[in-house]
Amino acid sequence: MHAQDSAGRTPLHYAATLPDNGHFFSLLVTLGADKAFTDNAGRTAEDYLKNKEELTRETLLKEYQNRDIPIDISGLNFNRYSDKVRDDTVSSRQDIDEEHLISQIDLCYKIIRNKGKNTILETLLTSEIYQKLKYRCTRLDNTMLDLLRPAIKDLTLVKGRFKTDDQFTGISIPDYESFRVFEELIIPAIKQINGIEEITLQPNTDFYGNQTPEYFTSMNLDTSGNIIKNCVVEVSRNISPATFAKNLKLSDLEKVEVILSTILIGYYKINKENALIDYMGTNVGSYYSLGELVDYKEVYKDLEDEYLLPDEVNDGDSANWPYGRGVFISPLGDVIGWINIREHLKLMCPTTVNYRGYIGIAYKTAADIITLLEEKVESVRDNKLGLLTTDPKLVGNTIKFNIIMNLTHLSNDIQVLKQMCTEHNLTLQLIDNKSLFKVSNKQTIGLNEIDCFKQFIQAVSFIIDSEKNSSKSVTKVIKNFIRKKSSKLKLRN
C-alpha cells in the first residue's frame with residue numbers, strides 16, 4: 001500500500017491520475033492508504049488529484065516506456081472510462097465488472113419484482129431503468145446494491161413497511177453523488193412521494209416568516225385533549241463538507257458527533273431558561289453513545305414508547321456501526337437529537353405529556369436549534385432540490401410533522417378518512433388498533449418551513465374538526481334514538 005517507486009510515488013499517487021473522479025483513490029484511502037506521503041517532488045497524492053495537469057496518466061506511461069526494459073501495456077484498456085451522466089464529476093466513469101456484485105444486484109431486482117409488487121419501488125424501477133443503472137457506480141463506490149438495501153431488508157425479513165407506510169420507498173441514498181448517478185430512479189421517487197409532477201426550485205430556509213413567538217407558543221390543536229396522543233416535529237440535517245454517515249471513516253464520524261453534540265449542549269448553555277437545575281447543578285442535557293444506549297434500557301424504552309426512535313436505529317449496516325453514533329436528550333426530554341444514524345442529525349421535538357396539542361412550541365424549539373446549528377456549520381444543499389438527505393421523503397426542507405391521533409368516529413369509514421387525508425396532502429398510517437393513526441405531512445419539497453407548517457396545521461385542524469363533528473352527530477343520533485324509544489314506551493303505558 002505504501003510502496004514507493006524511484007520517484008517516491010505510492011499507489012495512491014498513481015490512483016490520483018486516473019480519469020475516474022477519484023474513485024480508486026477513495027478506495028485506497030478507505031483501505032488505509034496514507035494521504036500524507038509525499039513523492040520526491042514533495043507532492044502528496046491529493047495534490048495531484050486536485051491538480052490533474054501536474055501528473056497525468058500519459059506522463060507516467062511515457063516514463064515507463066522510456067525505461068531500459070519497457071513495461072508491456074498491450075493488455076490495458078484505456079477506453080473503459082466514459083461519462084455516465086452529463087458533465088460527469090460524480091460517477092466512477094466505468095461500468096462495474098465484478099461478477100459477484102452484479103449477480104447480487106440482479107438478485108435484488110428479482111426480489112423487488114417478485115415480492116414488491118405494486119410498491120412505489122416496483123412501479124418506478126422498470127426493466128429499462130434497471131438496465132440503465134445496474135452497472136453504474138458513484139465515485140465513492142456506491143452501487144444499486146447500496147441504494148436498494150432498505151427494500152431488500154423489508155421484503156426478505158417481512159418487516160412490512162411497504163404495506164404500512166405510503167412514503168417508504170425502499171431507497172437509501174448512499175452519497176450526494178447518487179442524486180445524479182441514479183437520477184432516473186431517485187427523482188421520480190421524490191416526485192411520487194411528494195405528490196407533485198415537477199420539481200420547482202426549493203425556496204430558501206424560513207422557519208418563522210413574519211410570525212411572532214406568541215403565534216407558535218399559544219397554538220393548541222386539541223383543546224379537548226382527547227384526540228392527539230403524541231406529536232413530534234422532526235428536522236434533519238447533513239453538514240458540509242462531510243459525506244453521508246454511511247461513507248464516513250470512524251475518525252470523521254467522531255468529528256461530526258463531537259460538532260453536533262457540542263452544538264446541542266451549547267443551545268442549553270445559551271438558553272439557560274430551558275435548562276434544568278437539579279442536585280448536581282445546571283443540567284444541559286445528556287449524550288449517550290449508541291453503544292451506551294443498549295445498557296440504558298429504561299432510556300431506550302422511554303424513547304420507543306414516545307415514538308422517538310428512528311426507523312434505522314436497529315438496522316446498522318454501515319461501517320464502524322455503532323461507533324461514532326448516539327443520541328442527545330435535553331434536560332426535559334423535549335428535544336432528542338440522533339447523530340449519524342442515517343442523517344448526520346435527526347432532531348425530534350415532541351410535545352410534552354400535558355400539552356400534546358401544542359405543536360407550535362415543538363416547532364419553534366426545533367427551528368431555534370437548527371437556526372443556531374446553521375450559524376455554526378453549513379448544511380448540504382442542492383440548488384434545485386434543497387437540503388439533501390439519505391431518505392427521499394425528506395429531501396427539500398427535511399421537516400416531518402408526525403401526530404398520533406385517536407379518530408374513534410372517522411375510523412368507522414377508513415376509505416373516507418384516507419380520501420380526506422389525500423385531499424389535504426397528508427399521509428395516514430394505522431398504528432396498533434382500529435382508531436389510532438399516525439398522520440404526517442406528505443410534501444417537503446417546493447415549500448419552505450413556515451409554509452409547510454401552516455399547511456399542515458390547516459390540514460390537521462380539518463381532520464380534528466371532522467372528528468369532533470362526527471362525534472356530535474353520533475351523540476345527536478343516540479339522543480334522538482333514546483327520545484323516540486322513550487316516546488314509544490309512554491304511548492304503550
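Computed quantities for the displayed model
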{"read-out": "Single unsatisfied condition, Asp146 versus (1) under 20 Å from Ile341 (Cα atoms); (2) surrounded by fewer than 19 Cβ atoms within 10 Å (Cβ to Cβ)", "value": "(2)"}
{"read-out": "Test result for Pro188, surrounded by fewer than 20 Cβ atoms within 10 Å (Cβ to Cβ), over 30 Å from Glu128 (Cβ atoms) and not basic (Lys, Arg)", "value": "no"}
{"read-out": "Some residue of the stretch 399-406 being at pLDDT 95 or above, outside any loop (DSSP other than H, G, I, E, B), closer than 25 Å to Gln192 by Cβ and among the polar types (S, T, N, Q)", "value": "yes"}
{"read-out": "Close pairs (6 angstrom Cβ cut-off, 6 or more residues apart or separate chains): in a helix (DSSP H, G or I) and modelled with pLDDT under 90 in the stretch 284-307, surrounded by 13 or more Cβ atoms within 10 Å (Cβ to Cβ) and among the small types (Gly, Ala, Ser) anywhere", "value": "none"}
{"read-out": "Number of positions in the stretch 325-373 that are on the phi < 0 side of the Ramachandran plot and assigned to a loop (DSSP other than H, G, I, E, B)", "value": "15"}
{"read-out": "Single match in Ser470, Ser486 (criterion: at pLDDT below 95 and surrounded by 15 or more Cβ atoms within 10 Å (Cβ to Cβ))", "value": "Ser470"}
{"read-out": "All positions within the stretch 428-457 that are touching a residue at least 12 places away in the same chain (Cβ under 8 Å) and part of a loop (DSSP other than H, G, I, E, B)", "value": "Ile431, Lys434, Ser435, Lys442, Gln443, Thr444, Ile445, Gly446, Leu447, Asn448"}
{"read-out": "Check on Asp97, out of contact with any strand residue (DSSP E or B) (no Cβ under 8 Å at 6 or more places or on another chain), within 26 Å of Pro19 (Cβ to Cβ) and part of a loop (DSSP other than H, G, I, E, B)", "value": "yes"}
{"read-out": "Out of Ile228, Ile239, sole residue that is in the same structural domain as Glu378 (by TED's automatic domain parsing) and over 23 Å from Asp451 (Cα atoms)", "value": "Ile239"}
{"read-out": "Tally, over the stretch 110-133, of residues that are assigned to a loop (DSSP other than H, G, I, E, B) and buried (at least 18 other Cβ atoms within 10 Å of the Cβ)", "value": "3"}
{"read-out": "Ile259 being touching a Leu at 6+ places or on another chain (Cβ under 9 Å), surrounded by 12 or more Cβ atoms within 10 Å (Cβ to Cβ) and at pLDDT 90 or above", "value": "no"}
{"read-out": "Qualifying residues in the stretch 198-233 (those that are hydroxyl-bearing (Ser, Thr, Tyr) and within 30 Å of Asp382 (Cβ to Cβ)) - the one surrounded by the fewest Cβ atoms within 10 Å (Cβ to Cβ)", "value": "Thr200"}
{"read-out": "In the stretch 126-176, residue farthest from Gly116 (Cα to Cα) [restricted to those that are under 14 Å from the mean Cα position of the chain (by Cα) and of a type in the set (Val, Ile, Thr)]", "value": "Ile173"}
{"read-out": "Sole exception among (1) under 20 Å from Lys454 (Cβ atoms); (2) in contact with a Gly (Cβ under 8 Å, 6 or more places away or on another chain); (3) of a type in the set (Val, Ile, Thr) for Ile359, by number", "value": "(2)"}
{"read-out": "Of the criteria (1) surrounded by fewer than 22 Cβ atoms within 10 Å (Cβ to Cβ); (2) in contact with a helix residue (DSSP H, G or I) (Cβ under 8 Å, 6 or more places away or on another chain); (3) within 15 Å of Asn397 (Cα to Cα), which one Val377 fails", "value": "(3)"}
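Conditions tested, residue by residue: (1) more than 28 Å from Arg149 (Cβ to Cβ); (2) among the charged types (D, E, K, R).
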site: Ala362; (1), (2): yes, no
site: Glu374; (1), (2): yes, yes
site: Leu387; (1), (2): no, no
site: Asp391; (1), (2): no, yes
site: Lys400; (1), (2): no, yes
site: Leu410; (1), (2): yes, no
site: Ile414; (1), (2): yes, no
site: Met420; (1), (2): yes, no
site: Gln429; (1), (2): no, no
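The values are calculated or read from the model by the stated rules, or taken from the named source; none is laboratory data. On a predicted model such as this, the values are computed, not experimentally measured, just so you know. Glycine also receives a Cβ, built like all others from the backbone with ideal geometry; neighbour counts cover every protein chain displayed.
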